[in-house]
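The values are calculated or read from the model by the stated rules, or taken from the named source; none is laboratory data. Not measured: the values here are computed from a predicted model. Note that each Cβ is placed from the backbone with ideal geometry, even for glycine, and that neighbours are counted across all protein chains shown.
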Amino acid sequence: MTIGSIDPDQRHVAERLVLLALRRFHREQPLAVDLRMDALVTRVLVLAERQPSSRHRGGGPLELPEADLRRVIDDLVTKGKLARTGRRIRLADARPGIDPAMAEKVAALLDGLRATGAEPPRVEGIAGRLGIPPTVIDQLRSAGQLRQIAPGIDYPADVWSTLRARVEGMRGTVTVVRVRDELRTTRRHAEAILAAVGQTEPGGHRPRYRPRSQRDRRPVR
């Protein structure tokens, strides 16, 4: 290998692993647009360690230093196989989205949460029954379709917008009890809603949601 050049066989190995790593990324996180260059490099190196070598061209071990691997990625961008936005990389033909079957499950999840109003159950339970993996739930949150206001409390974006507007539109003293009663929900949900909206109770106290396990318990007498 001459100085400044990349061995053609090693380039072929690196290109194959880069494209494979990005295909897996888009499959695992269908709503994600892209990922950072350093995260892609890490994925490629991990994949290279796990992939068994073969005699086929491009199937040998990856022996490039990280700097050359980044050059290969840059060259794939130049060739039009990858697209770059700042330091973030994606497959050129990748389009964020989920397959029709998963989209139907997500729609059922959101409809189920809407039906519960201001007192939704834990989203993980419904998702598990519908066959929606945790990675998709994370993507729904990142994309803004699900609004997690506290651990175990998620609202569809439209439901949260309505609840927030109702709380912000309340005149007079706004307390946890009042939010609980007017939204017909539990104290636990009311505390989380009030804290997420950023309202304060009389005396300047701002409710801060804490899981039940972390709340102070009254001593037994």
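Here are some notes:
- Residues considered: VAL46, VAL13, VAL41, VAL18. Of these, the only one that is β-branched (Val, Ile, Thr), surrounded by fewer than 14 Cβ atoms within 10 Å (Cβ to Cβ), modelled with pLDDT of 90 or more and assigned by TED's automatic domain parsing to the domain that holds ASP75 is VAL46.
- Residue list for segment 159-182, restricted to those being more than 28 Å from the chain's Cα centre (by Cα) and of a type in the set (Lys, Arg): ARG171, ARG178, ARG180
- Residue satisfying condition, being at pLDDT below 95, in contact with a helix residue (DSSP H, G or I) (Cβ under 9 Å, 6 or more places away or on another chain), part of a strand (DSSP E or B) and surrounded by fewer than 18 Cβ atoms within 10 Å (Cβ to Cβ), within set ARG24, ARG57, ARG84: ARG84
- Scanning segment 27-42 for residues that are in contact (Cβ under 8 Å) with a residue 24 or more places away in the chain, more than 14 Å from ARG88 (Cα to Cα) and assigned to a helix (DSSP H, G or I) yields one hit, GLU28.
- Segment 111-152 - residue that is aliphatic (A, V, I, L, M) and touching a residue at least 40 places away in the same chain (Cβ under 8 Å) and, of those, surrounded by the fewest Cβ atoms within 10 Å (Cβ to Cβ): ALA143
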